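Note sheet for the following structure.
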Amino acid sequence: MNNCNDSSTGSRLRLFARLAFVLGGVFFLVAPAVIADAQLIQQAAPNPGPAVGRNAISFNLQTLEGKAVTLDTFRGKPLVLNFFASWCDPCRDEMPLINELSSRGSKDGYNILGIAVEDTRAALTVFAKEEKLVFPIALDLNNTVKRAYRIFGPPVTFFIDSQGIIRDVVLGPISSERAREALKKSGTMGKN
């Protein structure tokens, strides 16, 4: 009986070895094709995302007031694109500065657009009134633009020149000094 078990175990091991050999051969035949396909897909993939020196990604959103707004709406003037949310404490902290930048924008030759992410129209309406926001707010209710711009969480501010090229990006809350520096990079004086 012991012999029978040994023989059965040996047969299983031989079968397993053959199966491993066949699967290994298939892998070595198929793997180069899979790798080549992956490289072609990577080469054919669109831009990996927004970055300094690249074109800003187009969008088509609606403002709190229901007006259509696109990236092309601001073509010809530098644009400060601020991603924020009403529930975000750092966003709330930087809103007085964003409001101030917006107030100076027409004099200094740039525009401000807030893009609200991960939020609701009702909460944003209350927030805009409480903070007395003077710049247009676009609603990214399904987070399409947030994903396109690879925003993991607000606040994030993009400084885009008059030709639609990203010139600077600030992750997290922005300071007055950092805003001035970024405005200069985007072709604006950004005077305080």
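The values are calculated or read from the model by the stated rules, or taken from the named source; none is laboratory data. All figures in this text were calculated on a predicted structure; none of them were measured in a lab. Cβ atoms come from the backbone with ideal geometry, glycine included; neighbour counts cover every protein chain shown.
General remarks:
- Of the numbered criteria (1) among the acidic types (D, E); (2) over 17 Å from L64 (Cβ atoms); (3) touching a strand residue (DSSP E or B) at 6+ places or on another chain (Cβ under 8 Å), the one E177 fails is (3).
- Among the residues making up the stretch 119-168, those that are farther than 21 Å from P96 by Cβ, buried (at least 19 other Cβ atoms within 10 Å of the Cβ) and among the charged types (D, E, K, R) are D140, K146, R167.
- Subset of the stretch 138-192 (residues that are assigned to a loop (DSSP other than H, G, I, E, B), of a type in the set (V, I, T) and within 18 Å of C88 (Cβ to Cβ)): I151, I174
- Qualifying residue in the stretch 169-187 (condition: among the hydroxyl-bearing types (S, T, Y), surrounded by 15 or more Cβ atoms within 10 Å (Cβ to Cβ), touching a residue at least 60 places away in the same chain (Cβ under 8 Å) and within 17 Å of P78 (Cα to Cα)): yes
- A count restricted to the stretch 64-121 and to residues that are at pLDDT 95 or above, of a type in the set (V, I, T) and part of a helix (DSSP H, G or I) stands at 1.
- Scoring A56 on the criteria (1) under 19 Å from I174 (Cα atoms); (2) at pLDDT below 95 leaves a single failure, condition (1).
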